[in-house]
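Okay, so here's the structure we're looking at.
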Amino acid sequence: MDQAQQRTISSSRGSAAALPQLGERQREILRAVIREFIATAEPVASGALVRRCRLAVSPATVRNELALLEELGLLTHPHTPARGGPSRGGVGP
């Protein structure tokens, strides 16, 4: 391995991956998913988020935002009905 490759590897280890720009509602939903997932260690459903976190949007809106957060790599889900929990990208290094 040459010095340029070593510098590239060293610099990539020290820097956190840049998070995508999120809207306020998306940040609120992501925070709620993370809180619920930590509290329950279970996948988080949109209806449960709306009820437990008193979100001022419908479960359908939450599902749409969860789908976007998943596309951005911030969420993962084990199966279709449950949207799941935060991915490594959503929680951070």
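Below, the figures for the structure above:
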read-out	value
Total residues in the stretch 26-45, condition modelled with pLDDT of 90 or more, surrounded by 15 or more Cβ atoms within 10 Å (Cβ to Cβ) and of a type in the set (Val, Ile, Thr)	3
Residues located in the stretch 51-75, provided they are touching a Leu at 6+ places or on another chain (Cβ under 9 Å) and outside any helix (DSSP H, G or I)	55, 72, 74, 75
Residue count, the stretch 23-59 (criterion: without any contact (Cβ under 8 Å) to a residue 24 or more places away in the chain and closer than 18 Å to residue 72 by Cβ)	6
Odd one out for residue 48 among (1) assigned to a helix (DSSP H, G or I); (2) loosely packed, with under 13 Cβ neighbours inside 10 Å	(2)
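The values are calculated or read from the model by the stated rules, or taken from the named source; none is laboratory data. Keep in mind the model is a prediction, meaning the values are calculated, not measured. A quick note on method: Cβ atoms are made from the backbone with ideal geometry, for glycine too, and the neighbour counts reach across all protein chains shown.
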